[in-house]
Amino acid sequence: MADSALLIGWNRSFAGREQQAMKLFMKTTEYYNQLQNDGKIENFEPVLLEGHGGDLNGFVLIRGDSAKLDEIKREETFISYSIEANFCLQNFGIIKCVVGDGITNVFSQWSTHFS
C-alpha cells in the first residue's frame, strides 16, 4: 500500500483557456493511466469539489512509493504538463503528501518528542 502521494490542485481555468485546460486534463489522465500500468504509481483519483467559496476546486491524488513519486516529478512529461497547467489553471500547485502507513510512521516519530 502506498505511503506517499502527490496532490495536484487547482482553482479554475483562466478565462479563455478553458479548452486548453480540458485538453490538458485528458492528456494527464492518459499519462497517469500509463504510469499506473507501468507500475510507477499505485493509483490516482481525480476529485472535483462542490462550490465552497475557497480557492481549491479540484485536485488529483496520485498514490505511490515516495521515491518513485520523486522520480516522476523529474520526468520531462510531468514537468511539461505542470508548466502548461500554470498557464491555464489558477492557483495550480503540487504538494507531496503522506498517506496510508506513512501516517502511522510520521505520528510514531512525532510522538517520541513528547515521551
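Within the range 22-60, the set of residues being out of contact with any Leu (no Cβ under 6 Å at 6 or more places or on another chain) and of a type in the set (A, V, I, L, M, F, W, C) comprises 22, 24, 25, 26, 35, 44, 47, 48, 49, 56, 60. Does residue 101 qualify as being among the acidic types (Asp, Glu) and under 13 Å from the mean Cα position of the chain (by Cα)? Criteria not met by residue 101.
Put simply, of 105, 37 the only residue that is out of contact with any Cys (no Cβ under 6 Å at 6 or more places or on another chain) and at pLDDT 95 or above is 37. Of all residues in the range 47-73, count the ones that are within 22 Å of residue 12 (Cα to Cα) and of a type outside the set (Val, Ile, Thr). Of the residues in that region, 13 qualify.
Cβ-Cβ distances below 9 Å connect the following pairs, each with a first residue in the range 3-29 that is modelled with pLDDT under 95 and assigned to a loop (DSSP other than H, G, I, E, B), a second residue that is surrounded by 20 or more Cβ atoms within 10 Å (Cβ to Cβ) and not aliphatic (A, V, I, L, M), and a separation of six or more residues or different chains: 3/63; 3/64.
Residue-wise test of (1) on the phi < 0 side of the Ramachandran plot; (2) aliphatic (A, V, I, L, M).
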{"position": "32", "(1), (2)": "yes, no"}
{"position": "53", "(1), (2)": "no, no"}
{"position": "70", "(1), (2)": "yes, no"}
{"position": "76", "(1), (2)": "yes, no"}
{"position": "90", "(1), (2)": "yes, no"}
{"position": "93", "(1), (2)": "yes, no"}
{"position": "98", "(1), (2)": "yes, yes"}
{"position": "114", "(1), (2)": "yes, no"}
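Residues in the range 3-30 that are among the aliphatic types (A, V, I, L, M), under 26 Å from residue 100 (Cα atoms) and crowded, with 17+ Cβ neighbours inside 10 Å: 5, 6, 8.
Residues in the range 61-115 that are within 22 Å of residue 39 (Cα to Cα) and of a type in the set (A, V, I, L, M, F, W, C): 61, 62, 67, 69, 72, 78, 79, 94, 95, 97, 98, 99.
Scanning the range 79-97 finds no residues that are in contact (Cβ under 8 Å) with a residue 40 or more places away in the chain, of a type in the set (Lys, Arg), surrounded by 13 or more Cβ atoms within 10 Å (Cβ to Cβ) and assigned to a strand (DSSP E or B).
Within the range 31-69, the residues that satisfy the criterion of being among the aliphatic types (A, V, I, L, M), surrounded by 12 or more Cβ atoms within 10 Å (Cβ to Cβ) and in a strand (DSSP E or B) are 47, 60, 61, 62.
The values are calculated or read from the model by the stated rules, or taken from the named source; none is laboratory data. Keep in mind that this is a model prediction, so the values were computed, not measured. Glycine also receives a Cβ, built like all others from the backbone with ideal geometry; neighbour counts cover every protein chain displayed.
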